[in-house]
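Notes to accompany the following structure.
All of the numbers you see were taken from the coordinates with simple rules; none came from a lab. These figures come from a predicted structure and were not determined experimentally. Methodologically, a virtual Cβ is constructed for each residue, glycine included, from the backbone with ideal geometry; neighbour enumeration extends over all protein chains shown.
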Amino acid sequence: MDHQASERGVSVLDILNEEAAKVPAGSEGLITLPEWLVFGEPHKKGLMLGFDVRHGRGHMFRSLLEGSTLRLYNNFTDMCKETDIFPDEIIVSGGGSKGDTFVQIIADIFGLPVSRNEIQDAAGTGAAICVAVATGLYSDFDAATRAMVRVKDTFLPNMDNHAVYQQMNDEIFRHINQTTDPLIERIYQLFG
């Protein structure tokens, strides 16, 4: 794949995003459980379930994006219920948000518009906003943010895909651990 990327003058990530964009929502039944994102539980391991002959690297990459986003979505919805705050849009930044496929998956899973800013470095922009307010360049954070942050683009959710993800989450994703945790603990006992 490195050779293919070099020939085309693009990154490997660009090729994976292109391939994942061709795969339908739900990755044709390939589901990734991103348990490597669980801290404080060393026995947790990541899983990909549902492989069959249809699945290639585009499916695997999309499934990774979907699984990671479903994990974020579930934590987000739990937090919203607890705080009784329900945002009506999401703003993303950083490395993963550079890929259109990932941003569209986020919009589809959350069922909300997702925007990217022109400057992808949220920490750097936040620091610059703080300096601008502290030095009196702007009177407050709202004024500084309005002047210094510009939306690059916004992805609207595909509600048909959102319905697929809701069903996948409610019927499968949220329940996988009940079946896999005993097996994963055994793997950890055997191999660490």
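Mind telling me which of 137, 72, 49 comes out most flexible in a GNM of the chain, alpha-carbon contacts under 10 Å?
137
For residue 91, what residues show an amide H to amide H distance below 5 Å, using hydrogens built from the backbone and excluding near sequence neighbours?
115
Looking only at 29, 58, 40, which one moves most when the chain is put into a Gaussian network model with springs between Cα atoms under 10 Å?
Fluctuation is largest for 40.
Restricting the count to DSSP beta bridges whose residues both fall in the chain, what percent are antiparallel, rounded to a multiple of 5?
Looking only at bridges with both residues in the chain, the antiparallel portion is about 70 percent.
Kindly provide the helix-only [θ] at 222 nm of the chain, computed as the sum of -39,500 (n - 2.57) over DSSP H runs of four or more divided by all residues, to the nearest 500 deg cm²/dmol?
-17500 deg cm²/dmol
Which loop-located GluC sites (Glu not before Pro) does the stretch 107-192 contain, where loop means any DSSP state but H, G, I, E or B and the Cβ has at most 14 other Cβ atoms within 10 Å?
Those that pass, being in a loop and sparsely packed, are 118.
Just tell me the longest site-free run in the chain, where the sites are trypsin sites (Lys or Arg not before Pro) in a DSSP loop having at most 14 other beta-carbon atoms within 10 Å.
Value returned for the longest uninterrupted segment is 55-149.
Mean Kyte-Doolittle hydropathy of 0.5 or higher plus an axial Cα length of 24 Å or more: which whole DSSP H helices in the chain meet both?
none
Read through the labelled values (i) 11.9; (ii) 14.7; (iii) 11.4 and report the label of the one computed as mean projected area of the Cα convex hull in nm² from the structure.
Correct label is (ii).
Select from 52, 140, 100 the residue whose mean-square fluctuation is largest in a Gaussian network model of the chain (Cα-Cα springs shorter than 10 Å).
Among 52, 140, 100, the largest GNM mean-square fluctuation belongs to 140.
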